[in-house]
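Enquirer: Structure incoming, see below.
The values are calculated or read from the model by the stated rules, or taken from the named source; none is laboratory data. Treat the numbers as computed from the prediction; the structure is a model and nothing was measured. Cβ placement follows ideal geometry from the backbone for every residue including glycine, while neighbour counts extend to all protein chains displayed. Quick note on the areas: whole protein, heavy atoms, side chains included, nothing else; ligands and nucleic acids left out. Shrake-Rupley method; radii C 1.70, N 1.55, O 1.52, S 1.80 Å.
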Amino acid sequence: MSLEGEVLQIETAKVFLPLLQPSRYKGAWGGRGSGKSHFFAGLMVEDHLREPGLRSVCIREVQKTLKDSAKRLIEDKIKEYGLEKQGFTVFKDRIETPGEGVIIFMGMQDHTAESIKSLEGFGRAWVEESQTLSHRSLQLLRPTIRNPNSELWFSWNPSRKNDAVDELMRNEIPLTNAIVVRANWDDNPWLPKELDQERIDDFKINPDSYEHVWNGGYITAQDGAYFAKVINEAKAEGRIGKVARDPLMAAHAFWDIGGTGAKADACSIWMVQFVGKEVRVIDYYEAQGQELSEHVGWLRSNDYEEAKIYLPHDGVKHDNVYRVTYESAMIQAGFKVVIMPNAGAGAANQRVEAVRRIFPRVWIDKDKCEGGIDALGWYHEKKDEARGIGLGPEHDWSSHGADAFGAMALEAEKITRTRKKSNKRQRPVQPGGWMGG
């Protein structure tokens, strides 16, 4: 790139070289220390030098102050490249660039369909921390940045598979005119030794979160998650993988029932077989707002017609819409039904402790139970941050799958106790009694 007869040299890590090509969408995802933000900040400066008059916006979902933005990083790149007197002028709220161009900074959460129109005519949009971008914000942004040769950039550390940016940029159906790279700490040739030491320490101290923080893996355990430790142990021991269904053993379906309607709780079902001391979790189903017939249809289509159905104590209550009980409906559909007793006060904690106790005996099918494993890993304690005390399980998307699994754990312990009792050998008694000596 020419600069007063000279060439501006910008060193670029090999992993980011594909992103130097023109493309409507550019994405870089991965863990901490990869240099994603530094790359895009440098590219932003480079594009404004190459295209005088270019207008760009740096976006976050929530930006309360400019301290939350990429502004300081871009300023540092301007200084690093020696461009302070080459048409770049830094103001409190913006950066003016050559040819009357500009770089602005904003939070998407504050915008509406009307206010976002102010970005029409902008040629670049860089969304940093893109994993926090909502579906609504993404829907507003994409059609707004529509100039010829305009580009949308995304840099992020993945959180969950159904985050808006992951659904857009990492979908099984590739996005047209998109270049996406994965970048981690080991792709950064300039990784500071201090940061690398942080990584090494994290591997020892925080193994539960290491894969997410440093390697860009999805979050598998929320802060305060009840089952993070036992899930990680199961993964390390190879108990989360391919689990074959035993055709000679009965299948048991453990439910947390939902309801009908868009705002209803999700219905969750774990399919389990008890084989010797092993608890084999072979399948998982979850649906929100669907009629009972949909759940029954899933059971039948997956050859679970002979499964014993375990319903929570509220399975004897009437559905708010159809005025029938889950128990009566399932019996009418030809299933054997067991209503699990109400555990009373402290039921949630009883389920949590039961899961922790039985997990060393649990084997889970990784593919068929992916959604359920996510729920178990996320299920966590709600906390009063001001007082630093726990308030019991957080009721969110994960609690339905976790509750059903907890009910299964209690039943598994009951089955184990029953088997031990029936297998006890009784000491024979001699006729007339036993006399020693």
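Enquirer: Can you match Kirkwood radius over Cα pairs in Å to one of these, [x] 25.6; [y] 24.0; [z] 24.7, based on a calculation from the structure here?
Expert: Computed from these coordinates, Kirkwood radius over Cα pairs in Å corresponds to label [x].
Enquirer: How many angstrom lie between the Cα centre of region 262-308 and the Cα centre of region 29-91?
Expert: After rounding, the separation between the Cα centres reads 50 Å.
Enquirer: Continuing with the same structure: Whole number in Å², please: accessible area per residue of the chain, 1.4 Å probe, ligands, DNA and RNA not counted.
Expert: 54
Enquirer: Just to verify a number: what accessible area does His380 come out at with the full protein assembly present, 1.4 Å probe, Å² rounded to tens?
Expert: 20
Enquirer: With a 1.4 Å probe and every protein chain kept in, tell me what percent of the accessible surface of the chain is carbon plus sulfur. Display every interim value, and only then the final one.
Expert: Values: 11640 of 23730 Å².
Taking all protein chains in place, the chain shows 49 percent carbon and sulfur surface.
Enquirer: Want the number for Asp47 to Ser328: 0.36 nm per residue separation, take away the alpha-carbon distance, what's left?
Expert: 94.5 nm
Enquirer: Okay, moving on. Give me the accessible area of Lys383, 1.4 Å probe, in Å² rounded to the nearest 10.
Expert: Answer for Lys383: close to 100 Å² accessible.
Enquirer: Tell me, what is the percent relative contact order of the chain, built from C-alpha pairs under 8 Å that lie six or more residues apart?
Expert: RCO, the chain: 14 percent.
Enquirer: Let me know the charge dipole size of the chain about its Cα centre in debye, to the nearest 20, where only the beta-carbon of Lys, Arg (+1) and Asp, Glu (-1) is charged.
Expert: Details: 59 positive and 64 negative charges, 361 e Å.
I would put it at about 1740 debye.
Enquirer: GluC sites (Glu not before Pro), restricted to region 83-143: which are DSSP loop and have at most 14 other Cβ atoms within 10 Å?
Expert: Glu84, Glu114, Glu120
Enquirer: Which order do Thr144, Thr416 take by accessible area at a 1.4 Å probe, largest first? Present the calculation step by step, with values, prior to reporting the outcome.
Expert: Numbers: Thr144 10, Thr416 40 Å².
From most exposed to least exposed: Thr416, Thr144.
Enquirer: What angle do you read, to the nearest 10 degrees and between 0 and 90, between the alpha-carbon axis of helix 135-144 and the longest principal axis of the chain?
Expert: Here the helix axis deviates by roughly 30 degrees.
Enquirer: Okay, moving on. Over the heavy atoms of Ser134, what accessible area does a 1.4 Å probe trace out, to the nearest 10 Å²?
Expert: For Ser134, solvent-accessible area is about 40 Å².
Enquirer: Using only the heavy atoms of the protein chains and a 1.4 Å probe, how would Phe39, Phe405 rank by accessible area, largest first?
Expert: Descending accessible area places them as Phe39, Phe405.
Enquirer: Continuing with the same structure: What translational diffusion coefficient, to the nearest whole µm²/s, does region 80-179 have by Stokes-Einstein, given a Kirkwood radius computed over alpha-carbon pairs, a temperature of 20 °C and 1.002 mPa s viscosity?
Expert: 140
Enquirer: How large is the Rg to Rh ratio of region 34-134 when both quantities use alpha carbon positions and Rh follows Kirkwood?
Expert: 0.95
Enquirer: Of Val275, Val127, Val90, which has the most accessible area and how do the rest follow, probe 1.4 Å?
Expert: Val90, Val275, Val127
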